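**Student:** Have a look at this one.
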Amino acid sequence: ILVTAAGTEEPLDPVRYLGNRSTGRMGFAVAAEAARRGAQVVLIAGPTHLVTPAGVRRVDVRSARDMYAAVCAAYDGVDAVIKAAAVADYRPVETAAHKIKKSDGELTLALTRNPDILYELGQKKRHQILVGFAAETQNVADYARGKLATKNLDFIVANNVAEKDAGFGVSTNHVQIFYADGRAEDHPLMPKAKLAGVILDRVEAILKQRTVT
Ligand code: PMT
């Protein structure tokens, strides 16, 4: 099982970056639970202070492009990908070689698109089960269903990150799961460790169904 966790950092200069509020807790919970269930787990993690869960092989990355390279290198050998990382959609066009000095007036940053890692995996999908997350602050179901289809996922775990006790940083999450066949599930607020089990139950069910058919 390949799990990604935490945010990416997109460098502006040697001391600054564009980042986001992901701590890695959601992805680390999934990796820990998958290893506890006996899976071989590779955890590709952006910068975080979290301790590597027992039995998990961890690859540390910093930027979205680093994560893209690490994920692609592991992709062929995995049965499922669970992509809990918060990947920067944009990076600065240029990374200054030296610290950017302040001056009077405004500073405008030019940004360019990063690869959409999950979209690329969806394009190359063969046997792999692909699970995405959708971090939204409005129109959660519509945006999540859009990502599910565009990225060719088996299911997507949608969290409204504007909600208290859900999304970034906290130890709990409140999600809806949308499936490629149109089904949807509402789940109550629960610890991320428990949600990790809910997600892995569904991955296991798809794997078992494929073994039978
Ligand atoms: O780490 P925590 O503090 O515990 O917080 C958990 C979380 C809020 C980060 C997690 O629950 C979550 O929602 N993760 C997904 C964050 C995100 O980037 O969502 P998105 O809707 O922007 O992206 C949709 C999916 O595409 C995600 O699976 C993402 O990993 C993936 N993606 C996005 C952009 C990109 N360039 N490449 C990607 O692969």
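**Student:** Could you state the number of Å between the C-alpha centres of the stretch 55-95 and the stretch 145-183?
**Tutor:** For the stretch 145-183 versus the stretch 55-95, the Cα centre distance is 19 Å.
**Student:** Order these by the 10 Å Cβ neighbour count, fewest first: Lys101, Lys208, Lys83.
**Tutor:** In order of increasing Cβ crowding within 10 Å: Lys101, Lys208, Lys83.
**Student:** What are the DSSP H helices in the chain that stretch 24 Å or more along their long axis, judged by alpha-carbon atoms, and whose average Kyte-Doolittle hydropathy comes to at least -1.0? List each step's numbers first, then the result.
**Tutor:** On the way: long enough: 192-212 (30 Å, 0.29).
Membrane-span-like by this criterion, though nothing is claimed about a membrane: 192-212.
**Student:** Sticking with this structure for a sec: Considering only the chain, what is the antiparallel percent among its DSSP beta bridges, to the nearest 5? Intermediate results must be reported in sequence, preceding the final value.
**Tutor:** On the way: 16 of 39 bridges.
Close to 40 percent.
**Student:** Please report the antiparallel percentage of DSSP beta bridges with both residues in the stretch 39-149, rounded to the nearest 5. Working shown, then result.
**Tutor:** On the way: 3 of 12 bridges.
Of the beta bridges lying entirely in the stretch 39-149, close to 25 percent run antiparallel.
**Student:** From Cα pairs below 8 angstrom and at least 6 apart in sequence, can you work out the relative contact order of the stretch 1-89, rounded to a whole percent?
**Tutor:** In percent, rounded to a whole number, it is 42.
**Student:** Can you bin the stretch 141-209 into rounded, prolate or oblate? Criterion: square roots of the alpha carbon gyration tensor eigenvalues sorted a ≥ b ≥ c, rounded for a/c under 1.5, prolate for a/b above b/c, oblate for the rest.
**Tutor:** oblate
**Student:** For Leu18, list long-range residues whose amide hydrogen, built 1.01 Å from N in the peptide plane, is under 5 Å from its own amide hydrogen.
**Tutor:** Excluding prolines and chain starts, which carry no amide H, the hits are Glu10, Leu12.
**Student:** If you don't mind, another one. In what order do His127, His187, His174 fall by count of nearby beta-carbon atoms within 10 Å, going from fewest to most?
**Tutor:** His127, His187, His174
**Student:** Here is the link list: Lys83/Lys208; Lys151/Lys194; Lys99/Lys192; Lys147/Lys192; Lys83/Lys164. Which ones come out longer than 31 Å on Cα distance?
**Tutor:** Distance filter (> 31 Å) returns Lys99/Lys192.
**Student:** Hey, got the dipole for the chain? About the Cα centre, +1 on K and R Cβ, -1 on D and E Cβ, debye to the nearest 20?
**Tutor:** Rounded to the nearest 20 debye, it is 440 debye.
**Student:** Check Ala84: other-chain or 5+ apart residues with amide H under 5 Å from its amide H, H built from backbone geometry?
**Tutor:** Here Thr4 satisfy the definition.
**Student:** Okay, next question. Take Ile44, Ile117 and order them by how many other Cβ atoms sit within 10 Å, fewest up front.
**Tutor:** Details: Ile44 28, Ile117 25.
The fewest-first ordering by Cβ neighbours comes to Ile117, Ile44.
**Student:** Magnitude of the Cβ-charge dipole of the stretch 20-140, K/R +1 and D/E -1, about the Cα centre, nearest 20 debye?
**Tutor:** It works out to roughly 300 debye.
Bear in mind that the values in this text are calculations on the coordinates, not laboratory data. No experiment lies behind these values; they were computed from the predicted model shown. Cβ sites come from the backbone with ideal geometry, for glycine too, and all protein chains shown count toward neighbours.
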